Amino acid sequence: MNIRVSRYLVTVVASLWVVPTIAAEAPLAADGHPDLSGTWDNGSGVDFVEAVFDGDSVCLRGCAAGPQPTQRGDRPTYKPEYMAKVADLEERQVDEDTVLRCFSPGLPRIGPPDKIVQTPNEIIFLYDDYTGNYFRVVPMDGRPHRIDVEPGFLGDAIGWWEDDTLVVESVNFNDDTWLTDDGSFHTTDLKVIERISRDGDTLQWLATAHDPEILAEPWELRPRIAQLTDDEILEAPPCIDRDLDHIVENLHHDNVR
Amino acid sequence: MYYKSLTVAAALFLAAGWASAHHSVAAVFGNEIIELTGVITDMDWINPHTHIYLDVTQEDGSVITWELESSPTAMLRKGGLTKAKIIGDGRPVTARVQPARPETGTPYRAYTKRLTYADGHYYVLSAE
């Protein structure tokens, strides 16, 4: 084997290594759209927990410099006439926030899906939330919204592709949930647009909440990133609050999602 | 102490804010940290908080069962922890905890900071 042939073989072998890498960065479904299927770890909202292991010992908090949670500020802006209501609800969160009683957090508060199952005609979102397991069915066949059913916590979704981005529009919400944990109420006119894209093993989730009667402007949530994982979602344990009856301060806290 | 307690409270409710937030543990539990030694007899693997039952034998031989609140299941999973691991092998466990505020009327409830087992291994479940 001469040097020229050797170099050729090296190039071929190198190409074989490169090709699968490129394919992994842009997985496509059979219909040519990006394949978003998979289990996506967004930290279950606890992405700032960086467990430190020492033999059989484990430290969940305070032992590593993990990523910092987003600070307060990712909040919708209300029209002036509704600010007093938001402040009042925030003050009375313990009495008014249904999530504290293990109700569904609703959309967009629930965040990005924990698992996506993609087919050409519909895409299924699965959630492993601390309040329970939830699902959303996103038709992709161009059908209109169903508005002849009872409004729900997660609304009625339809989806379409814009280039390589999945766009999901949801309407038909009840008004039992808040957008965040600080009294950010919404009406039944809420519309949420999610834009989901994939880059290799990373999923980006963008969401915008529209509620023009009460919001001064559409609320764009901070981008959320999730990583592909083989740690499958699990059946959610029951959510049973035992603290509300014993609370002696009306404290609340920021929503790190 | 005030600022320290605020820091602890902030850390706890950030830690508990995974999905959509709930109330601060400071609304129920005080700032004092005590140590209890006993046997873990059971655990409720539920959300939004798990609950650990610790039997503590008193000097007169009577047993008081403490209910120790702890992190949600998703957070414990992050550390590879299970109900069986937390219950342990039946030997005494030392628990560093924040007892409930007296005005809550729940004298034997507390929030769990650290569990240390007979063989020396430990689980830090919330920031100390």
Checked pairs for segment A:51-62, first more than 7 Å from every other protein chain (Cβ to nearest Cβ), second not in a strand (DSSP E or B), C-beta under 9 Å and 6 or more apart or across chains, list as A:Val52/A:Leu60; A:Val52/A:Cys63; A:Val52/A:Ala64; A:Val52/B:Gly79; A:Phe53/B:Gly79; A:Phe53/B:Gly80; A:Asp54/A:Cys63; A:Asp54/B:His121
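Just one of A:Asp41, A:Asp54, A:Asp47 is modelled with pLDDT under 65 and under 30 Å from B:Ile86 (Cα atoms); which is it?
Details: A:Asp41 fails: modelled with pLDDT under 65; A:Asp54 fails: modelled with pLDDT under 65.
Of the residues listed, the single one that is modelled with pLDDT under 65 and under 30 Å from B:Ile86 (Cα atoms) is A:Asp47.
Could you check segment A:157-180 and list, in sequence order, the residues that are closer than 17 Å to A:Asp211 by Cα and among the acidic types (Asp, Glu)?
Pass one, segment A:157-180, residues closer than 17 Å to A:Asp211 by Cα: A:157, A:168-180.
Those that are closer than 17 Å to A:Asp211 by Cα and among the acidic types (Asp, Glu): A:Glu169, A:Asp175, A:Asp176.
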Looking across segment A:61-74 at residues that are at pLDDT 80 or above and out of contact with any strand residue (DSSP E or B) (no Cβ under 6 Å at 6 or more places or on another chain), the single one that is farthest from B:Val124 (Cα to Cα) is A:Gly62
Subset of segment A:191-207, residues free of Cβ contacts under 8 Å to residues at least 24 places away in the same chain and under 22 Å from A:Asp114 (Cβ atoms), comes to A:Gln204, A:Leu206
For segment B:84-128, the count of residues that are within 21 Å of A:Leu244 (Cα to Cα), among the β-branched types (Val, Ile, Thr) and surrounded by 20 or more Cβ atoms within 10 Å (Cβ to Cβ) equals 2
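Every residue, every condition in (1) farther than 22 Å from A:Ile123 by Cβ; (2) more than 14 Å from chain B (Cβ to nearest Cβ); (3) at pLDDT below 95; (4) more than 19 Å from the chain's Cα centre (by Cα), yes or no:
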{"residue": "A:Thr188", "(1), (2), (3), (4)": "yes, yes, no, yes"}
{"residue": "A:Thr202", "(1), (2), (3), (4)": "no, yes, no, no"}
{"residue": "A:Asp211", "(1), (2), (3), (4)": "yes, yes, no, yes"}
{"residue": "A:Leu215", "(1), (2), (3), (4)": "yes, yes, no, yes"}
{"residue": "A:Ile233", "(1), (2), (3), (4)": "no, no, yes, no"}
{"residue": "A:Ile240", "(1), (2), (3), (4)": "yes, no, yes, yes"}
{"residue": "A:Asp243", "(1), (2), (3), (4)": "yes, no, yes, yes"}
{"residue": "A:His246", "(1), (2), (3), (4)": "yes, no, yes, yes"}
{"residue": "A:His252", "(1), (2), (3), (4)": "yes, no, yes, yes"}
Kindly indicate whether A:Leu89 is of a type in the set (A, V, I, L, M), within 13 Å of chain B (Cβ to nearest Cβ) and over 30 Å from A:Asp141 (Cβ atoms). no
Filter pass, A:Ile116 being surrounded by 22 or more Cβ atoms within 10 Å (Cβ to Cβ), farther than 21 Å from A:His186 by Cβ, under 15 Å from the mean Cα position of the chain (by Cα) and away from every other protein chain (no Cβ under 14 Å) | yes
Residue set A:Glu194, A:Glu213; condition charged (D, E, K, R) and in a strand (DSSP E or B); output residue A:Glu194
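Are any residues in segment A:72-110 of a type in the set (S, T, N, Q) and part of a helix (DSSP H, G or I), and if so, which ones? Write out each step before concluding.
Residues of segment A:72-110 of a type in the set (S, T, N, Q): A:77, A:93, A:98, A:104.
Matches in segment A:72-110: A:Gln93, A:Thr98.
The values are calculated or read from the model by the stated rules, or taken from the named source; none is laboratory data. Note that the structure is a prediction, hence the values are computed from the model and not measured. For neighbour counting, all protein chains shown are included, and Cβ atoms are generated from backbone atoms with ideal geometry for every residue, glycine included.
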